[in-house]
Amino acid sequence: QVQLVESGGGLVQPGGSLRLSCAASGSISKINVMGWYRHAPGKQRELVAAITTGGSRNYADSVEGRFTISRDNAKNTVYPRMNGLKPGNATVYYCNAQYTEDSWGQGTQVAVSS
């Protein structure tokens, strides 16, 4: 099993930036991909950004060019950085680890408001 602990959410003004983090523990050697998903009320959970163990990245079209994701394998942590935040980006973000199963973090709230 893999356990995930997220941090870094909060309130930011439109156009501002946030850096989230997700630390993995447990069976970390089995992880292939770590990513972040957003889950807005009334909508399905959707991928925002993901990074493989080898460093390949994948972004949702809506955040391409504004969001980046990096990975510190020594710390078993991934860091999505969100720039140019818009009110539409406000929701709960969840960290995900894919291996033989899926593990999810508890979620962290991002609010965008002036």
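If you check every pair at least six apart or on different chains, which have Cβ atoms under 9 Å apart with a residue in region 1-12 that is among the charged types (D, E, K, R) first and a residue that is not in a strand (DSSP E or B) second?
From region 1-12, the pairs are 6/20; 6/105; 6/106; 6/107.
Can residue 16 be described as touching a Leu at 6+ places or on another chain (Cβ under 6 Å) and either among the charged types (D, E, K, R) or within 16 Å of residue 70 (Cβ to Cβ) (or both)?
So residue 16 fails the test.
What are the residues in region 81-98 that are open to solvent by 30 Å² or more (accessible area, probe 1.4 Å) and either among the β-branched types (Val, Ile, Thr) or over 11 Å from the mean Cα position of the chain (by Cα) (or both), if any?
Passing the criteria: 83, 86, 87, 88, 90, 92, 98.
Could you tell me whether any residue of region 30-38 is of a type in the set (Ser, Thr, Tyr), farther than 18 Å from residue 111 by Cβ and not in a loop (DSSP other than H, G, I, E, B)?
no
Which of the numbered conditions does residue 102 fail, given that it passes all the others? Conditions: (1) surrounded by 11 or more Cβ atoms within 10 Å (Cβ to Cβ); (2) modelled with pLDDT under 95.
With (1) surrounded by 11 or more Cβ atoms within 10 Å (Cβ to Cβ); (2) modelled with pLDDT under 95 applied to residue 102, the lone miss is (1).
What are the pairs with Cβ atoms under 8 angstrom where one residue, in region 75-90, is touching a residue at least 60 places away in the same chain (Cβ under 8 Å) and assigned to a loop (DSSP other than H, G, I, E, B) and the other, located anywhere, is open to solvent by less than 50 Å² (accessible area, probe 1.4 Å) and of a type in the set (Val, Ile, Thr)? Sequence gap at least six, or different chains.
85/12; 85/110; 85/112; 86/112
Only one residue in 111, 23, 50 is of a type in the set (A, V, I, L, M), open to solvent by less than 30 Å² (accessible area, probe 1.4 Å) and part of a strand (DSSP E or B). Which one?
50
Go through region 11-20 and give me each residue that's within 14 Å of the chain's Cα centre (by Cα) and part of a strand (DSSP E or B).
Within region 11-20, 18, 19 meet the criteria.
Quick one: count up the residues across region 26-47 that are open to solvent by less than 40 Å² (accessible area, probe 1.4 Å) and of a type in the set (Phe, Trp, Tyr).
Qualifying residue count, region 26-47: 1.
Can you name every residue in region 64-74 that is in a loop (DSSP other than H, G, I, E, B) and either over 19 Å from residue 9 (Cβ atoms) or touching a residue at least 24 places away in the same chain (Cβ under 8 Å) (or both)?
Across region 64-74, the qualifying residues are 64, 65, 73, 74.
The values are calculated or read from the model by the stated rules, or taken from the named source; none is laboratory data. As the structure is a prediction and not an experimental result, all values here were calculated from the model. A quick note on method: Cβ atoms are made from the backbone with ideal geometry, for glycine too, and the neighbour counts reach across all protein chains shown. Side chains included, ligands, DNA and RNA excluded: accessible areas come from the protein's heavy atoms. Shrake-Rupley method; radii C 1.70, N 1.55, O 1.52, S 1.80 Å.
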